[in-house]
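Colleague: Input: one structure, supplied below.
Each reported figure results from applying straightforward, stated rules to the coordinates on display, with no laboratory input. Computed from a predicted model, the values in this text were never measured in an experiment. Reconstructed Cβ throughout: ideal geometry from the backbone, glycine too, with neighbour counts over all protein chains shown.
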Amino acid sequence: MTSVRFVSEHGLHTTLVPRLSRTAAAELITLMVDISSVHLSPESPDTCLCRFTNKELSNKSFYAHAFRHLQIDVQASWVWGNAAPLQCKIFCWLACRHHLSTNERRFRHQLSPSVACPSCTMDEASDHLLITCHRAYDIWSFFFPPAGGPIPCTLGEISMAYCRSFEETTICVAILWNIWKRRNTLVFNGVDEPPLAAIKRCTEDVRLWAHRCKRASSASQLNL
């Protein structure tokens, strides 16, 4: 990376292509004029700062500036803010975007003859498969017993109701992941696993993911 001190002492001709376009040559003249007005302090080392953030120059600062006009997705905080492996986080992101290969989505793309859920007569959309289907409800009710209030019906409602901390979010991701695996076991292997089998896997996953936590308090809480 070329610094102001290097350009002041050696110029840019040693690093640029010899044949510049007229536009590039004009920009080079303007740049050299601007650099000539810079007063360097011999005691201070060269530093590269991002003019957008006034912090150390990095790829992160460029990305932050390039995407500053975009609104942060409301689901992003719980999807990425947990102790699950990256594969499970990507799965949750796809579920939030309704991009899982459910029968409802496969039917729209003419890849399935029916939109029906493998376990009931409802359409197998992402929210139904992962939350409202009776096979999914059995697992959710074990970890989060109903308290008499409204039952969440979408991933957005799940995030508001149950993803109140880093630890609870990790448990929710484990539940979603194992509901998906249980569904695939039924579809591809023809095996209808009991709810306790999926619940046991959820517990094992959470205990394993606890070792990924940076805070000891989070790790101890996830050792179910």
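Colleague: Of H65, A24, C117, whose Cα points farthest to the positive end of the dipole of region 24-129 (charges on the beta-carbon: +1 Lys, Arg; -1 Asp, Glu; origin at the Cα centre)?
Modeller: Highest projection toward the positive end goes to C117.
Colleague: Modelled label-to-label distance, H98 and A66, 7 Å Cα→beta-carbon offset: nm?
Modeller: A separation of 2.9 nm, rounded to one decimal place.
Colleague: Indicate the helices, whole DSSP H runs only, in the chain that combine a mean Kyte-Doolittle hydropathy of -0.5 or more with a Cα extent along their long axis of 20 angstrom or more.
Modeller: The qualifying helices are 22-36, 166-189, 195-209.
Colleague: Over region 45-104, one equal point on each Cα, no solvent: what is log10 I(q)/I(0) by the Debye formula at q = 0.14, 0.15, 0.16, 0.28 Å⁻¹?
Modeller: After summing over all Cα pairs, the log10 values are -0.62, -0.67, -0.72, -1.07.
Colleague: Next question. Of I90, G149, A136, which is farthest along the charge dipole of the chain in the positive direction, counting Lys and Arg as +1 and Asp and Glu as -1 at C-beta?
Modeller: I90
Colleague: Under 16 Å Cα to Cα from K214, which aspartates and glutamates show up? Leave out anything in the same chain fewer than 8 places away.
Modeller: E167, E168
Colleague: How far, in nm, would the chain grow between L20 and S36 when pulled straight, counting 0.36 nm per residue and subtracting the alpha carbon separation?
Modeller: Extra length available between L20 and S36 comes to 3.7 nm.
Colleague: When only alpha-carbon atoms count, how far does the chain stretch along each of its three principal axes, as whole angstroms with the largest first?
Modeller: 74, 48, 33
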